[in-house]
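Accompanying notes for the structure given below.
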Amino acid sequence: FQKTEAPRPPGAKDLHAYPWDKSSLKSMPVDLQQLEKLDAYALKVNVTNSVEELVKALLKQARTDLEKVRAIWMWICHHIEYDVVGYHNKSQLSSKPRDVLQMGKSICEGYAELFEHMCSLAGIQCKKLSGHAKGHGYKTGQTFTGESDHAWNAVYLEGRWHLLDSTWGSGSVDDSFTKFTYRYNEFYFLTHPALFINNHFPDNSNWQLLKPTLTLKEFENNMLHNSNFYTLGLLAARPDTPIIQTVNGKASVSVDCRSGTLFMFKLKGTDEHGLMTLKRHGMELDIYPQQTGSHKLEIFAKPSKAEAADDVYKCVLEYVVECESVDKAMRFPKELHQPVGPSWFSERQGFLRPSHSQPILHTNDGRCSLTFTLSKDISMLTSLHTDGSSSLSEDMGRRHVLQIHRRNQIELKVHLPHAGNFVLKIYSKKKSDPGNYDYIFNYLIRCLNTEVKWPAFPQSYSKWLQDYEILEPLSGLLPANRNVQFKLKMHGVAKVLVQAENTYPLTQNKGCWEGTCNTSGCREVFVMVHENANHSFYSHVLKYEVETQ
């Protein structure tokens, strides 16, 4: 073993600019793929009789200083567990490298001392640092006083100092602080100092390795982004302070990221009181708490191309929302699903060029119309939902939305049965798939006009084809004792009849079937077609109700 000279204190050439320049998660280039062989070798080394022997074995496959540090890091992160019992009884605890190795467990102090000792045996300058950390038991917005509570290391590689935390690299402790789980975390190996400062504040501010350095107050007030935030490719979040005051009952959060990432949120454990929209490079969220007081808001994310099985939603941000007044008008229907409105996700499912890109549609007369271009050969299912005593049956929920197909264009006409907040849900499946429809996205439709009372659209049967179109009457409820004008766009049929008390044939004119029918003396009116002039039987295609007098 060579003896290392005394480490030099950090100087100008060790410093990184703050805030983070969004370039790299590490403070020097590291090719993780090139290190895979070495990593695998280091994990298999099984020497615990002396630290010297262990280091000798680890260095067999390591040539450069970076490789030596990597082998030591890998071994410690996978062989030393956090001592949850010792943590509660520190007086009995030794942090001496020999004891840590023998026991196979320690607290941060022991991890850092073992790391420092193994590096010095390997001829690498390394320093144990101590300070405050936003780690286990940290409460959003808390202050730090008194003794430092965490230890980590700086290593000297390629002429500069770099930071790492092998305690946090090795795994995590559960909420009750009684159980440690090995869960390797690459993020804390040579972390970029502008990211490391997010949850590590050294007693000696020179060891932030930052220009400018942060004060303890700034560290306390700064938003905590945990390692998942950066590992998932997220770049920034607004607001950048952890405590948010509502303004008129509303609070807003947004996240920027590199590419298609899926998000979800929980306010006091539920996602009912917000509107989240997915953006090409992030998400936007408006929160409307329905109770005053302090509420925990958690934001979760996962990659949209979930390759690995462990790609579940991971918590990336935590805020505290302080709410002084409640906006009761923004109480959303239970059926509302997050995210709301169209996005790159619905686009990927084949819904292009939405006429309405916002999550909320406002209508004064209770009617609205949306259009999309369908990029794929898909069938679509739509339904309307609302809360409370006036909730719609599944069948009526479908009949308040009318689909009109014009080649690959689709129009959705919505007629609301009354004022209120409604959810328009959109499902689809490939036409060739026999299976069920998949939920794709939804809109919130709001109407404040209490005069509104639209009947459902007429009921259609299976012989009513997707590209047929009702021009009139659109209302599924016809007035009694009236002559009603019919105009229907249909192709490939030989005859069309409207059956009320009497039967009225429609005549074909420029691709439309037109005519009048009288509604007296009947409760229902059917539209029927002869598909073939030689057939004697009719198929029902539409059904209307007639108002009772």
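The values are calculated or read from the model by the stated rules, or taken from the named source; none is laboratory data. These figures come from a predicted structure and were not determined experimentally. Glycine also receives a Cβ, built like all others from the backbone with ideal geometry; neighbour counts cover every protein chain displayed. Note: areas computed on protein heavy atoms with side chains; ligands, DNA, RNA excluded. Shrake-Rupley method; radii C 1.70, N 1.55, O 1.52, S 1.80 Å.
The simple spin-label model puts a point 7 Å past each Cα toward its Cβ; for residue 64 and residue 432 those points are separated by 4.9 nm.
Here the spin labels are modelled as points 7 Å beyond Cα on the Cα-Cβ line, and at residue 394 and residue 294 they lie 4.5 nm apart.
Ligands, DNA and RNA excluded, the heavy atoms of residue 175 present near 150 Å² of accessible surface to a 1.4 Å solvent probe. Label sites at residue 471 and residue 81, each approximated as a point 7 angstrom past Cα along Cα to Cβ, lie 7.7 nm apart.
Checking the a/c ratio against 1.5 first, then a/b against b/c, what shape does the Cα gyration tensor give for region 19-148? Oblate, because a/c is 1.5 or more while a/b does not exceed b/c.
With q set to 0.13, 0.15 Å⁻¹, the log10 of I(q)/I(0) for region 404-549, from the Debye formula over equal scatterers at the Cα positions, is -0.72, -0.91. Taking 0.36 nm per residue of separation and subtracting the current Cα-Cα distance, fully stretching the chain between residue 369 and residue 355 would add 4.2 nm. Provide the percentage of antiparallel DSSP beta bridges, counting only those with both residues in region 459-546; round to the nearest 5. That works out to approximately 95 percent antiparallel. To the nearest 10, the accessible area of residue 264 is 50 Å² with a 1.4 Å probe.
Counting 0.36 nm for each residue step from residue 494 to residue 142 and taking away their Cα separation leaves a gain of 119.0 nm.
Straightening the chain between residue 184 and residue 102 buys 27.4 nm, computed as 0.36 nm per residue apart minus the Cα-Cα spacing.
Protein heavy-atom surface of the chain, 1.4 angstrom probe: 48% of the accessible area is carbon and sulfur, with nucleic acids and ligands not counted. Okay, which of region 391-431 sit inside 20 Å, backbone N to the point 7 Å along the Cα-Cβ direction of residue 272? Taking a point 7 Å out along Cα→Cβ of residue 272, the residues of region 391-431 whose backbone N falls under 20 Å are 391-393, 420-425. Computed over the alpha-carbon atoms, the chain gives an Rg to Rh ratio of 1.16, Rh here being the Kirkwood radius from the mean inverse distance. For the chain, the solvent-accessible area works out to 49 Å² per residue, with a probe of 1.4 Å and every protein chain left in place.
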